[in-house]
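Inspection log for the structure reproduced underneath, given as structure tokens.
The values are calculated or read from the model by the stated rules, or taken from the named source; none is laboratory data. None of these values were measured; they are calculated from a predicted model. Cβ placement follows ideal geometry from the backbone for every residue including glycine, while neighbour counts extend to all protein chains displayed. In case anyone asks, the SASA skips ligands and DNA or RNA and just uses the protein heavy atoms, side chains included. Shrake-Rupley method; radii C 1.70, N 1.55, O 1.52, S 1.80 Å.
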Amino acid sequence: MKILYSWLADFIENPPPPEELAAKLGRIGLKVEELRRTGVSFTGVCVGRIEKIDKHPNADKLALVDVNDGKAVMRVVCGAKNIAVGQHIPFAKVGAMLAEGELKKAKIRGVESEGMICSAGELGLEGYDNSGILVLAPETQLGSDAAALFPKADCVLEVEMLPNQGYCLSHYALARELSIFYGLKLKDSSVFQGEARGEAVPVEIKVPDLCPRYGAIVIKGVKGARTPEWMAARLRAMGANPKGNLLIDGSNYVMYELGQPTHCFDIAQLSGPKIIVRRALAGEMMKTLDGQALKLDPGMMVIADASKPVALAGVMGGAYSAVSDATEAILIESARFHPPTVRQAAKTTGIKSESSYRFERGTDPELPLKAARRLAGLILEAAPGASVEQITDNCPVKYQPPVVDVDPARINAILGTGIADSEIFACLKAFQPAVKDGKPWKFAAPSWRQDLETIQDVAEEVARYVGYDVIPSASAMPMLPSNVTPLWTAGSELKSTLASLGFSEVYNYDFVSARELKVCGLDPAAALEVKNPLSQDFQYMRPTLLAGLLKTLRYNLNRGRETVQLFESGTVYSRKDAGKAEEVYCSGLLYGDFPEGGSWRGGAEKADFYHLKGVMSRLFAGKGGFRCETARKAPAYFQPGLCLEMRLGANSAGYLGKLSRAAAQAADLKDDNILYFEIPLACVAQAGKTEFWQKIAKIKPVSAFPQNWRDLSIVLEEKHAWGDLERAFSGVQDLASARLVDVYKGKNIPAGCRSLSIRFTFSSMTGTLNDSEVGARMTAILDKLSKNFGAKLRA
């Protein structure tokens, strides 16, 4: 939130300098992220008038301009498009100090320039159009100091506001915090003190639980009330865009000053005229100030006249009752609304306003009428002929502050301190001067601090008051031994290995949209839907990590990356019986060249199915029972025929394969060569070793006798997978390894069949195997293949 130093100083006697003020705010938990000086910072700039404009002889886009500064006419080179003869402009002579430094004499495209016609940006001014030169009002005095036309030098403090600091969302509120914690004398704002007994516009509250207080002031004779320049300058410094109409700008000004949103209705546009605070009717329509047509529902609260809604309570006013330059009479609204109702309405409609931001966090229940009177006073100053016709304070539910019993011993026990009783009582007294001595102290929280409900809340304020530095850093809590779960260990090992293989870890949200589910070929109706999503992009809990990884892949490709290797470890969610299930997965994808950058020998290969299979083999190295099998029920986002199921023992260890073309296209990816894997960590954890000694690799003796190998070429039907063949001959005596060296289909091979050439290596621990022994083992292998798969020896 922006805070203007001069505005804050209106409420503090003898305020400290800006830098010291920023430090004081930081000490009480209000972080100042930036301190920026604003206003006039230039010198040597006067008001000039353009007398003549000629073309530049050497540049089509430049002009030669004669400028009169009241004493002499000087020629300058200018490139702005909005210059015109007779304009009054800020003219900087040589030697002037501007926002970017001293202006020096220069020759531009062969023509000497005796000064510069300035834009707002060159003068260091904010809130103006910088597309061309700054054109001044024609009545400005020729030759006068241009600095006098703009706000004086000031400072803007950018203060970070946390969600629980709604009580600090104004200049007055921050001044009040400084007065409480540092003893600075607080000054109040000037408000209209007059009275009015009439009731030109009745106010009816039908939902007192949602609107416990509604203040209204009716003023007539406001036509032509313009925003004074001092107010417009402050609004510009806050980042707002003043409209020139005081009825609009004044509401924003009071909100920034006091923290209470207000709104002005044009009484001529109110049916009745009457104000009714009620719930919206089902299907009721309303057009907002920014032109949106809203379909309302009974969960929303509206401000209505006798026939229609004229504002969405706490969020935004309606177009039909908006004020204009022709408005004669207004009703100033200043109310207290139920924060959850305002938040829900803002979320449902997608409208976030400065008003809803404050109402969602809770406003001071005693502030509405004061804010309305403040705005009324500003309007009466600008429109002397205006008069107050009605002041209404409809308060069906009076605010009752929570009372907390404060025992100093309990405060010190919570904080772990030894703060003196007198200092704790001084803190309570600073917040609530009416608190009486007598333990336990009965502390009634001030109206602007509705969050002070428990002794813990009060203890936190005491810590802020005396300073967090008085709380000792020592802890009496014993240090407990660390303990990790098998699931954490499994995830940590997988992450470390993938990182060593060149993969980068990413983090994505657990929430996905319906479109992202459809990209993955999944039905949104089968996913877990969030009851109150932040937006449609976060409507469902992710049933797979693929959606986030595809989004990250697209993000990297759009920024020039050609090779992407990513992985993510996180929770996925699914329906289970009548409830839900959560499971931790490690998933990743491979795209582009493998390895990244190619080989030092030159050339590069595109990542393919076998590269990913090799990565998975390395990932599961040392885990007994790992194998890949044909996927019988692969997820929909894999390409059929290019997906394998990984297994550890009897359990599934996930899937690896190539993503389907449909998934790649739906994700707006032109190249569909995307390899993907997903591993449930529970399976890896179950197969893992928990004790350190169990993780140490066991040394196995190597045979002292030479190995023997034989090649075998067989013909069998294509339907038989290599993994099934491996299991068939895995128990043959002295078989050390079996490696597939060739696959052939074509001439002399029957249709629907293929030829496999397999190299078998044999090794014995007891002696050298002779030809007859090796031949017997090869015969046993061929018999197994013939019996189980109908394999025949290739001729």
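Things to note:
- Lysines whose Cα lies under 27 Å from that of Lys658, excluding same-chain neighbours fewer than 8 positions away: Lys495, Lys518, Lys551, Lys606, Lys613, Lys623, Lys633, Lys670, Lys719, Lys745
- Solvent-accessible ranking of Asp69, Asp188, Asp451, largest area first, probe 1.4 Å: Asp188, Asp451, Asp69
- Charge dipole of segment 403-470 about the Cα centre (unit charges at C-beta), most positive-ward option of Ser447, Val458, Val435: Val435
- Local net charge near Cys211, Cβ-Cβ under 11 Å (Lys/Arg +1, Asp/Glu -1): +2
- Rounded if a/c under 1.5, otherwise prolate or oblate - segment 43-149, Cα gyration tensor axes: rounded
- Altogether, the Stokes-Einstein calculation at 37 °C and 0.692 mPa s, with the Kirkwood radius of segment 403-470 over Cα pairs as Rh, returns a diffusion coefficient of 279 µm²/s.
- Low-density loop cleavage sites - trypsin sites (Lys or Arg not before Pro) in segment 430-463, where at most 15 other Cβ are within 10 Å (DSSP): Lys436
- Centre separation in Å (Cα based) which lies between segment 386-421 and segment 655-684: 57 Å
- Sparse-neighbour loop sites [GluC sites (Glu not before Pro); segment 648-719; at most 13 other C-beta within 10 Å; DSSP]: Glu691, Glu718
- Segment 101-134-segment 619-644 distance, computed between alpha-carbon centres (Å): 68 Å
- Spin-label pair Arg759/Ala581, simplified geometry with 7 Å Cα→Cβ offset, distance in nm: 4.3 nm
- Rounded if a/c under 1.5, otherwise prolate or oblate - segment 486-692, Cα gyration tensor axes: oblate
- Residue-level accessible surface for Lys580, protein heavy atoms, 1.4 Å, Å²: 120 Å²
- Label point distance in nm, Val73-Asp523, each placed 7 Å from Cα along Cα→Cβ: 8.4 nm
- In this calculation the C-beta distance from Gln665 to Asn58 is compared with R0 = 51 Å, giving a FRET efficiency of 0.40.
- Point-to-point label distance, Asp672-Gln707, nm (Cα→Cβ direction, 7 Å offset): 4.1 nm
- Ranked by the mean number of other Cβ atoms within 10 Å of their residues, highest first, the peptides 629-636, 322-329, 584-591 come out as 584-591, 322-329, 629-636.
- Among (i) 287; (ii) 197; (iii) 162, the entry derived from the coordinates for volume of the Cα convex hull per residue in Å³: (i)
- If the segment from Ala434 to Ile749 were pulled out straight at 0.36 nm per residue, it would be longer than the present Cα-Cα gap by 103.3 nm.
- From the alpha carbon centroid of segment 222-295 to that of segment 574-589 is 48 Å.
- Solvent-accessible surface ranking, highest first, for Ser475, Ser334 at 1.4 angstrom: Ser475, Ser334
- The chain: relative contact order in percent, alpha carbon pairs under 8 Å with at least 6 residues between: 8 percent
- Percent accessible area from carbon and sulfur atoms, the chain, protein chains only, probe 1.4 Å: 51 percent
- Cα gyration tensor shape for segment 81-135, rounded if a/c is under 1.5, else prolate or oblate: oblate
- Once the 1.4 Å probe is applied to the protein heavy atoms, the chain comes out at 50 Å² accessible per residue.
- Among 696-705, 373-382, 112-121, the order from most to least packed when residues are scored by Cβ within 10 Å on average: 373-382, 112-121, 696-705
- At R0 = 30 Å, FRET efficiency that the Cβ-Cβ distance of Leu793 and Arg632 yields, to 0.05: 0.50
- Linear extension gain, Glu158 paired with Ser307, 0.36 nm per residue minus alpha-carbon span: 49.3 nm
- Cleavage-rule hits (trypsin sites (Lys or Arg not before Pro)) in segment 721-766: DSSP loop, at most 14 neighbouring Cβ within 10 angstrom: Lys745, Lys747
- Paramagnetic reach from Tyr555 in segment 502-519 [backbone N under 15 Å; point 7 Å along Cα→Cβ]: 504-513
- Using a Förster distance of 51 Å, the FRET efficiency for Lys719-Ser482 (Cβ separation, nearest 0.05): 0.45
- Theoretical ellipticity at 222 nm over the chain - DSSP helices of four or more residues, -39500 (n - 2.57) apiece, nearest 500: -7500 deg cm²/dmol
- Residues Leu8, Leu644 ordered from highest to lowest accessible area at a 1.4 Å probe: Leu644, Leu8.
- Between Ala106 and Tyr128, the contour length at 0.36 nm per residue exceeds the alpha carbon distance by 5.2 nm.
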